[in-house]
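The values are calculated or read from the model by the stated rules, or taken from the named source; none is laboratory data. These numbers were taken from a predicted model, which means no experiment stands behind them. Cβ atoms come from the backbone with ideal geometry, glycine included; neighbour counts cover every protein chain shown.
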Amino acid sequence: MAKGRIVVDESRCKGCALCTTACPQDILFLAAERLNARGYHPVELIDRQSKCTGCALCAMMCPDAAITVYRFKVAPHPKVFAGNYAM
């Protein structure tokens, strides 16, 4: 399974929250206690359980192109059968 992370250019974010509704993992939130230079609450990624898959739905929804998505491949764990590795 792929893992990912996003970087938000807070200077471009206008707090429209379209990305928060597009995220299937529900890990994007508006920063309620912070404003950017334009006076908007920017979006922030809160992903304590590493649920982001890098699907990029948030970036596709962003009308201001404020989100950059990074996606990583995660190597699968080898299967173990009775103490031996599967070949």
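Considering the range 9-25 alone, what residues qualify as being among the aliphatic types (A, V, I, L, M) and within 15 Å of HIS41 (Cβ to Cβ)? Before the answer, list the steps.
Step one: of the range 9-25, the residues among the aliphatic types (A, V, I, L, M) are 17-18, 22.
Passing the criteria: ALA17, LEU18.
Among the residues of the range 12-35, which ones are out of contact with any Gly (no Cβ under 8 Å at 6 or more places or on another chain), free of Cβ contacts under 8 Å to residues at least 40 places away in the same chain and over 16 Å from CYS52 (Cβ atoms)? Can you show your working first?
Quick first cut of the range 12-35, residues out of contact with any Gly (no Cβ under 8 Å at 6 or more places or on another chain) only: 12-29, 31-35.
Okay, now just the ones that are also free of Cβ contacts under 8 Å to residues at least 40 places away in the same chain, so 15, 17, 20, 22-29, 31-35.
If the condition is that a residue be out of contact with any Gly (no Cβ under 8 Å at 6 or more places or on another chain), free of Cβ contacts under 8 Å to residues at least 40 places away in the same chain and over 16 Å from CYS52 (Cβ atoms), then GLY15, ALA17, ALA31, ALA32, GLU33, ARG34, LEU35 are the ones that fit.
In the range 35-72, which residue that is farther than 18 Å from PRO24 by Cα and crowded, with 17+ Cβ neighbours inside 10 Å is nearest to the chain's Cα centre (by Cα)?
Filtering the range 35-72 for residues that are farther than 18 Å from PRO24 by Cα and crowded, with 17+ Cβ neighbours inside 10 Å, the one nearest to the chain's Cα centre (by Cα) comes out as ALA66.
Considering only residues that are more than 16 Å from ALA59 (Cβ to Cβ) and of a type in the set (A, V, I, L, M, F, W, C), which ones fall in the range 1-28?
If the condition is that a residue be more than 16 Å from ALA59 (Cβ to Cβ) and of a type in the set (A, V, I, L, M, F, W, C), then MET1 is the only one that fits.
State all residues of the range 1-16 that are surrounded by fewer than 16 Cβ atoms within 10 Å (Cβ to Cβ) and in contact with a strand residue (DSSP E or B) (Cβ under 6 Å, 6 or more places away or on another chain); if no residue qualifies, say none.
ALA2, LYS3, ARG5, VAL7
So which residues in the range 28-51 are on the phi < 0 side of the Ramachandran plot and polar (S, T, N, Q)? Spell out how you get there, then give the answer.
Quick first cut of the range 28-51, residues on the phi < 0 side of the Ramachandran plot only: 28-38, 40-49, 51.
Within the range 28-51, ASN36, GLN49 qualify.
Considering only the range 29-44, I want to know if a residue exists there that is of a type outside the set (A, V, I, L, M, F, W, C), touching a Leu at 6+ places or on another chain (Cβ under 9 Å) and under 30 Å from PRO78 (Cα atoms).
no
Within the group ASP9, ASP26, which residue is at pLDDT 95 or above, farther than 15 Å from TYR70 by Cβ and charged (D, E, K, R)? Working first, answer last.
Details: ASP9 fails: farther than 15 Å from TYR70 by Cβ.
Exactly one of ASP9, ASP26 is at pLDDT 95 or above, farther than 15 Å from TYR70 by Cβ and charged (D, E, K, R), namely ASP26.
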